[in-house]
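I have placed the structure first, in the form of structure tokens, so that the comments after it can refer back to it.
The values are calculated or read from the model by the stated rules, or taken from the named source; none is laboratory data. Quick caveat: nothing in here was measured; it's all calculated off a predicted structure. Virtual Cβ from ideal backbone geometry, glycine too; neighbours counted across all protein chains shown.
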Amino acid sequence: MQKIANYINGEMVAPVSQSYIDNYNPAQGVVYSLIPDSDERDVAMAYEAAHLAFPAWSQKPAQEKFKILMKIADLISENLEELARAECIDNGKPIKLARTVDIPRAASNFSFYAQAVTQFWSESHAMEHHYLNYTLRQPLGVVACISPWNLPLYLFTWKIAPALAAGNCVIAKPSEVTPMTAYLLSKICIQAGLPKGVLNIVHGNGPKTGMSMVTHPHIHAISFTGGTKTGADIARVAAPMFKKLSLELGGKNPNIIFADCDFDEMLRTTLRSSFSNQGQICLCGSRIFVEKPIYEKFKQAFVSKVSKMQVGNPLHEDTKLGAIVSEQHFKKILSYIDLAQAEGGTVLCGGKAVTMEGEFKNGWYMSPAVIEGLPFDCRTNQEEIFGPIVTITPFETEEEVLMMANSVSYGLSSTVWTQDITRAHRIASYIQAGIVWINCWLVRDLRTPFGGIKSSGVGREGGFEALRFFTEPKNVCLKI
Ligand code: NAD
């Protein structure tokens, strides 16, 4: 059985404990590789390597960092097929999605930040009476990046690339549920000539490996993406240690559809925004609000299309919905179908475990579900499910839909469908979310601020926001 290795001080190494965690192929429900069960000793070794590498890396001219980070981006692109296949097997997502979204975006994360750091700037403030202030933006030192399983390499590199570009050395931990592409990235970094110790990838579970990174006294910043509860656990420990924290957390995003929308385009995009990656994208819209005049038309058309969505082997080219990432998550998602029914909802389609044949018979599959008839404030409509389940709810007025949309504790993203430009801007300004898409979904310009409000997180990633997070501003005042 393949054993994944940690990447510490430029080398692939076994965990100090010599013990491993099972890694599952969710499409088959079988263990197919082993993940290092790292502990604080591995994190301490990674810290030593990163600490030693920091002086040279932080002094490297932007153009030299650019060359190395671009090389990593190029190698990700050259290995696209191998990485996409690995992501598909590890996560259960359709191969097409991994090939067209996950892996190209991982390459873009590196190329974007390779270039961004050559364009980064800081402020100066001239004062009367011959004084001048200027701001230095210096790297923090050794920082930690912790990422989730839903977009494994995509989100892992979204943190690592700006941290490295800004001149930090990094200890990174991918999710123990989907470690494979992070492991393959280690090999790419060696091939690209990244100096040893600049990036260290330590595998293991959250409470042990992740927490060892959070509690380490000399790791100065934690960039975390994952569940809201985990984010709160991390903040509880890191805040009294005065660490810088970037938290990208859960969501329960509203999708607001007005009667005057371009119906066909809205329908096509709403199918994607509901069920891409089996609904396991933090930006998926899981609460669909439809203006009353088109509610029945929408319901008929949407349910008819969702009922036809094929669940199948993620490695098949035409599979739209693959496997759910783990047995635990699969059971959690299905429990919400029972809850929705207990809360008075009607399941219009899907919501059932799907048993496949042959080697896939033990995989975790379910049919995509559409539920109606639920109050906006019930648990099904308030809690993050993070799977292929959406609810549909009619509304009459803007005030009513804003009240329902904003009623959740989350505030990550939102989608608005209307041809009325004034209304679109009005809704965008009142909606409680870090991201608003009008007549589109998941269109990403990497320069824009990315993140949520309320329980969806603290801080922003993307563009110069991430370079600012991974640097400390220092004001220097000089008498001229
Ligand atoms: P999770 O919180 O269980 O795990 C995320 C990462 O944190 C993993 O690497 C895990 O090992 C680690 N971890 C767990 N407990 C830890 C602890 N006590 N200390 C340190 N590290 C710990 O989340 P998940 O189930 O992997 O991912 C799904 C969640 O991520 C969903 O809530 C989803 O909305 C969220 N998410 C948010 C965004 C965003 O940009 N806001 C993007 C993707 C996913």
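Among helices (runs of 4 or more DSSP H) lying entirely in the stretch 273-384, which contain 1 or more residues that are in the same structural domain as Gln419 (by TED's automatic domain parsing), among the aliphatic types (A, V, I, L, M) and surrounded by fewer than 18 Cβ atoms within 10 Å (Cβ to Cβ)? In the stretch 273-384, the matching helices (runs of 4 or more DSSP H) lie at 295-307, 327-342.
Candidates are the residues of the stretch 204-226 that are part of a loop (DSSP other than H, G, I, E, B) and within 18 Å of the chain's Cα centre (by Cα); the one that is farthest from the ligand (Cβ to nearest atom) is Asn205. Arg268 - would you say it is charged (D, E, K, R) and within 15 Å of the ligand (Cβ to nearest atom)? Taking the combined requirement at face value, the residue does not satisfy it. Going residue by residue through the stretch 144-161, is there one that turns out to be within 16 Å of Leu467 (Cα to Cα), part of a strand (DSSP E or B) and within 14 Å of the ligand (Cβ to nearest atom)? Looking for residues that are within 16 Å of Leu467 (Cα to Cα), part of a strand (DSSP E or B) and within 14 Å of the ligand (Cβ to nearest atom), one finds at least one in the stretch 144-161, hence yes. Scan the stretch 338-360 for residues that are charged (D, E, K, R) and touching a residue at least 12 places away in the same chain (Cβ under 8 Å) and the total you get is 3.
Of all the residues in the stretch 385-415, those that are of a type in the set (S, T, N, Q) and buried (at least 19 other Cβ atoms within 10 Å of the Cβ) number 5. For Gly231, the requirement of being near the ligand (Cβ under 10 Å from one of its atoms) and in a loop (DSSP other than H, G, I, E, B) is not met.
The set of residues from the stretch 234-244 being touching a residue at least 12 places away in the same chain (Cβ under 8 Å) and within 12 Å of the ligand (Cβ to nearest atom) comprises Ile234, Ala235, Val237, Ala238. Would you mention how many residues in the stretch 370-414 are within 13 Å of the ligand (Cβ to nearest atom) and of a type in the set (D, E, K, R)? Here the count works out to 2.
Among the residues in the stretch 448-460, are any more than 14 Å from Gly251 (Cβ to Cβ), away from the ligand (no atom under 12 Å from the Cβ), modelled with pLDDT of 95 or more and in contact with a Leu (Cβ under 7 Å, 6 or more places away or on another chain)? Within the stretch 448-460, none of the residues are more than 14 Å from Gly251 (Cβ to Cβ), away from the ligand (no atom under 12 Å from the Cβ), modelled with pLDDT of 95 or more and in contact with a Leu (Cβ under 7 Å, 6 or more places away or on another chain).
For Ile201, state whether it is under 30 Å from Trp437 (Cβ atoms) and touching a residue at least 40 places away in the same chain (Cβ under 8 Å). Against the criterion (under 30 Å from Trp437 (Cβ atoms) and touching a residue at least 40 places away in the same chain (Cβ under 8 Å)), Ile201 does not qualify. Of the residues making up the stretch 417-443, those that are out of contact with any Lys or Arg (no Cβ under 8 Å at 6 or more places or on another chain), in contact (Cβ under 8 Å) with a residue 40 or more places away in the chain and not polar (S, T, N, Q) are Trp417, Asp420, Arg423, Ile427, Ile431, Ala433, Ile435, Cys440.
No other residue among Ala369, Ala424 is in contact with a helix residue (DSSP H, G or I) (Cβ under 7 Å, 6 or more places away or on another chain) and among the small types (Gly, Ala, Ser) apart from Ala369. Within the stretch 307-348, being within 14 Å of the ligand (Cβ to nearest atom), among the basic types (Lys, Arg) and closer than 14 Å to Gly279 by Cα holds for one residue alone: Lys332. Report yes if some residue within the stretch 184-200 is farther than 21 Å from Ile281 by Cα, within 14 Å of the ligand (Cβ to nearest atom) and not in a loop (DSSP other than H, G, I, E, B); otherwise report no. No.
Checking the structure you have, find out if any residue of the stretch 251-268 is surrounded by fewer than 22 Cβ atoms within 10 Å (Cβ to Cβ), in contact (Cβ under 8 Å) with a residue 60 or more places away in the chain and either under 15 Å from the mean Cα position of the chain (by Cα) or not assigned by TED's automatic domain parsing to the domain that holds Phe376 (or both). So far as the stretch 251-268 goes, no, none of its residues is surrounded by fewer than 22 Cβ atoms within 10 Å (Cβ to Cβ), in contact (Cβ under 8 Å) with a residue 60 or more places away in the chain and either under 15 Å from the mean Cα position of the chain (by Cα) or not assigned by TED's automatic domain parsing to the domain that holds Phe376 (or both). Within the stretch 139-148, not a single residue is without any contact (Cβ under 8 Å) to a residue 24 or more places away in the chain and surrounded by fewer than 19 Cβ atoms within 10 Å (Cβ to Cβ).
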